[in-house]
Amino acid sequence: MGKRKLLLSALTGGVILGAVATAQEQMPSHLQELLELGMHPGHAYVDEGRETFNTLKGPNGKTCASCHGEDGAKLEGAYAKMPRYYTDIDRVADLDLRILSCMTKYMGFDPKDKKFRKEFDKWNGRYRVPLATFVASLSNGMEINVQLDDPQEKELYKKGEKLWFMRVGARDFSCGICHTVLTGRRIRLQGLPDPVKAKVYTHWPAYRFGSDKMWTMEDRVRSCFKAYFLYEKKWDEKKDWVQKPPPYSDWVIALELYMKYAANGGVVEVPGLLR
C-alpha cells in the first residue's frame, strides 16, 4: 500500500483545504486541475488492485489471475453487467460479494477466518476495495448493460425499488426523500444527486475526498443506512429500527441493482472523484 499512501499524502492537503471554498461547484476547479495533470487519487487503488489481482495467492496457491487471466483479461466488461445472478453461489451478487465468493470458493480463503474477513471488509484493506476498483476499471468506456433475466434478478430489483421509497427508522426516512424528492438541494455542503435519473453509477467505485478513501457502492449504501436512520444495534428486517445492514446483504444489493439497472446505457468511467 506504499504507493497509495504516498499519493494520498501528497494530495490530501490541497484537496481538503480547497473543498470548502468550492462547495458551490459541482466539480471544484482544483479537482479539475488534478485530473488534467493525471493526479487522480483513485488511480493508486487501481494500481494496487491490479498488483493484488496478479500476485496475491490464496491458501491453495491460486491467484485471481489463475482463473481470469493476467491483468483480468477475461473480466473486461464484466462490471458493466453487475449486479447479476451467479449459478455457483446461487445469488445475485454485486462486485464486492463476487470478489469475496471467488476468494473463498476458488482461492481457498476461509470465510469464517476472522482475520481474513476483517482485512477483506475494511475500507483501506488490501483486498476488497482495491480489487473492486481495478476490476471495475476493466469496464471503462463500456455501456452499463444490467439485465433482469433470472427470476432472482427480477425479484431483487422489485425489492430495491420498494426499498428506495420505503420510509424506515427513527427519522422516518427513505432513499427517495434525498435522491428523488430533494434532488438538487444540499445537505452538509453536498449536492443531492438523483442516482436513478443521472446514472451516477457510471463513476462508482469513487474516491471521496471528504473521507480520503475509495468507496464502492456497497460502502455508500451501507453508510447512508447508518448516517441517516439512527438504527438500533441489532439488524432485523421485520422492524423499522435497525442498524447498518450487514455486508453483502440482499437489502444492500437490491438497492445497488435498482440504481445500476437505471444507469443502463451510461458509460463506465471509474474511479470517480466525489466529495
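The values are calculated or read from the model by the stated rules, or taken from the named source; none is laboratory data. From a predicted model like this one, the values you see are computed outputs, not experimental measurements. Note that we place each Cβ from the backbone using ideal geometry, even for glycine, and neighbour counts take in every protein chain shown.
Of note:
- The residue pairs whose first member lies in the range 34-45 and is assigned to a helix (DSSP H, G or I), whose second member is surrounded by 17 or more Cβ atoms within 10 Å (Cβ to Cβ), and whose beta carbons are closer than 6 Å, counting only pairs six or more residues apart or on different chains, are 44/4; 44/7; 45/130; 45/133; 45/214.
- Cβ pairs under 6 Å, 6+ apart, first in the range 212-225 and within 17 Å of residue 258 (Cβ to Cβ), second of a type in the set (Gly, Ala, Ser) and assigned to a helix (DSSP H, G or I): 216/132
- When the range 190-243 is filtered for residues that are assigned to a helix (DSSP H, G or I), at pLDDT 85 or above and among the aliphatic types (A, V, I, L, M), the ones remaining, listed by number, are 200, 217, 221.
- Scoring residue 63 on the criteria (1) under 11 Å from residue 134 (Cβ atoms); (2) touching a residue at least 40 places away in the same chain (Cβ under 8 Å); (3) surrounded by fewer than 18 Cβ atoms within 10 Å (Cβ to Cβ) leaves a single failure, condition (1).
- Which listed residue is at pLDDT 95 or above and more than 17 Å from residue 72 (Cβ to Cβ), from 145, 140, 124: 145
- Filtering the range 58-79 to residues that are among the hydrophobic types (A, V, I, L, M, F, W, C) and in contact with a Phe, Trp or Tyr (Cβ under 7 Å, 6 or more places away or on another chain) leaves 64, 65, 67.
- Any hit, the range 136-145, residues being closer than 22 Å to residue 55 by Cβ, in contact with a helix residue (DSSP H, G or I) (Cβ under 7 Å, 6 or more places away or on another chain) and not polar (S, T, N, Q): yes
- A single entry from 133, 104 fulfils the requirement of being at pLDDT 95 or above, touching a Phe, Trp or Tyr at 6+ places or on another chain (Cβ under 7 Å), within 20 Å of residue 247 (Cα to Cα) and buried (at least 16 other Cβ atoms within 10 Å of the Cβ): 133.
- Helices (runs of 4 or more DSSP H) fully within the range 54-172 counting 3 or more residues that are of a type in the set (D, E, K, R): 95-105, 114-121, 151-165
- Here the range 48-60 is the region considered, the condition is being under 22 Å from residue 269 (Cα atoms) and either buried (at least 21 other Cβ atoms within 10 Å of the Cβ) or without any contact (Cβ under 8 Å) to a residue 60 or more places away in the chain (or both), and the residue that is nearest to the chain's Cα centre (by Cα) is 49.
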